[in-house]
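Reading through the structure tokens given below for one structure.
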Amino acid sequence: MAYEKIILGMGNPLLDISAVVDNAFLQNYDIKLNNAILAEEKHLPMYEELAAKDNVEYIAGGATQNSIKVAQWMLQIPGATSYIGSIGKDKFGEEMKKNSKLAGVNVQYYEDETTPTGTCAVCVVGGERSLVANLSAANCYKTEHLKRPENWALVEQAKYYYIAGFFLTVSPESIQLVAAHAAANNKVFSMNLSAPFICEFFRDVQEKALPYMDYVFGNETEARTFSKVHGWETDNVEEIAIKISQWPKASGTRKRITVITQGADPVVVAEDGKAKLFPVILLPKEKLVDTNGAGDAFVGGFLSQLVQEKPIEDCVKAGCYASNVIIQRSGCTYPEKPNFN
């Protein structure tokens, strides 16, 4: 099987500005741990404040880009992955390009002339993270860029697609184009619930994309928010995962599988009206550096086995392995070679 450009990701490329903070910092900016939100006016001074900290780190990020980089790392096959998103023509944008090339991903960025590259404040307290994204240029992605022959070629070459739910806030029409192509050509289309606010405030575009999703990823908080928004009146993650997997599909060629992570608790996989639980690799608290990128890494690991047509338990194992590696490091970074078998 030819693996070249087999996976295509589309999303918001962001430069993570990551630092350890305290609870007072979180309260001051009205942010919660283990949440992801879009920056408002009141959050803007935070970026300067983080940048001034001694322990600040700059790491190329953005949810989808993280997952694609991890899939590329796990596969160890040059050029197996591609990624599309929007950056600014600036220092951070150049940094992003350099970083992605080093990671071995085929990137096709749309470069916005007037808007700076997007950033994400990663506030770490006791190893847990809170994300505040200032999308900037990432918010400027245009469908015209996707339709350019050299970029649409990436869509046609790919057999698997992954898009984080965050991209629903930017270019739902680009998502629909790729989703429809996947359905028409019997390819595998997957998305992530990504954050409670996506399920709450971008419900319409999320519901429009859902029928095309062959795999739905998310964590327990997002799943419970999805349930609440849809009036399902259950907090039981297994029940919710089953209900999501039974949502009507745009094409009947394959059934939908829902994969919900729960931090240190077992991963829930729902298909065929049943839910299975898979244990995660437990990590002693003192080895935890930060959880930034853990969910993204899980998806990257999972996809790396999915494209090799491995059974679902191998996909979950690879996801757990990748997230275990990432939480022992700062941000979504990894050693030179994976040690997964």
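The values are calculated or read from the model by the stated rules, or taken from the named source; none is laboratory data. Note that this is a predicted model, so its numbers are computed, not measured. No Cβ is skipped: glycine too gets one built from the backbone with ideal geometry, and neighbour counts run over all protein chains shown. With ligands, DNA and RNA removed, areas are computed over all heavy atoms of the protein, side chains included. Shrake-Rupley method; radii C 1.70, N 1.55, O 1.52, S 1.80 Å.
Brief remarks on what is shown
- If the condition is being touching a residue at least 12 places away in the same chain (Cβ under 8 Å), open to solvent by 70 Å² or more (accessible area, probe 1.4 Å) and either touching a His at 6+ places or on another chain (Cβ under 9 Å) or under 30 Å from Asp22 (Cα atoms) (or both), then region 265-291 contributes Asp265, Ile281, Leu282, Lys285, Lys287.
- Criterion applied to Glu48, Glu40 was being under 17 Å from Ala195 (Cβ atoms), free of Cβ contacts under 8 Å to residues at least 12 places away in the same chain and open to solvent by 10 Å² or more (accessible area, probe 1.4 Å), and the one residue passing it is Glu40.
- Checking each residue in region 68-87 for being surrounded by fewer than 24 Cβ atoms within 10 Å (Cβ to Cβ) and not in a loop (DSSP other than H, G, I, E, B) picks out only Leu75.
- Answer from Ala275, Ala297, Ala270 - the residue that is in contact with a Ser or Thr (Cβ under 6 Å, 6 or more places away or on another chain) and assigned to a strand (DSSP E or B): Ala270
- Of the helices (runs of 4 or more DSSP H) lying entirely inside region 159-218, not one contains at least 1 residues that are of a type in the set (Lys, Arg) and under 16 Å from Val299 (Cβ atoms).
- Matching residues in region 14-30 - criterion: being touching a Ser or Thr at 6+ places or on another chain (Cβ under 8 Å), more than 19 Å from Gly165 (Cβ to Cβ) and crowded, with 19+ Cβ neighbours inside 10 Å: Leu15, Ile17, Ser18
- Across region 191-236, the qualifying residues are those that are open to solvent by 10 Å² or more (accessible area, probe 1.4 Å) and of a type in the set (A, V, I, L, M, F, W, C), and the one among them that is farthest from Ala133 (Cα to Cα) is Trp232.
- Flag if Val132 is open to solvent by less than 10 Å² (accessible area, probe 1.4 Å) and in contact with a His (Cβ under 6 Å, 6 or more places away or on another chain): yes
- Only a single criterion out of (1) farther than 28 Å from Leu288 by Cβ; (2) modelled with pLDDT of 95 or more; (3) open to solvent by less than 10 Å² (accessible area, probe 1.4 Å) is not satisfied by Tyr162, namely (1).
Listed here are the residues, each with its yes/no results for (1) among the aliphatic types (A, V, I, L, M); (2) over 21 Å from Val170 (Cβ atoms); (3) touching a helix residue (DSSP H, G or I) at 6+ places or on another chain (Cβ under 6 Å).
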residue	(1), (2), (3)
Ala24	yes, yes, no
Ile31	yes, yes, no
Asn34	no, yes, no
Glu48	no, yes, no
Glu57	no, yes, no
Gly62	no, no, no
Gln65	no, no, no
Leu75	yes, yes, yes
Gly93	no, no, no
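- Residues that are among the basic types (Lys, Arg) and outside any helix (DSSP H, G or I), drawn from region 143-158: Arg148
- Options Gly331, Gly319: the member that is assigned to a loop (DSSP other than H, G, I, E, B) and among the small types (Gly, Ala, Ser): Gly331
- Residues that are open to solvent by 10 Å² or more (accessible area, probe 1.4 Å) and touching a residue at least 40 places away in the same chain (Cβ under 8 Å) were ranked within region 2-11; the one that is nearest to Tyr162 (Cα to Cα) is Lys5.
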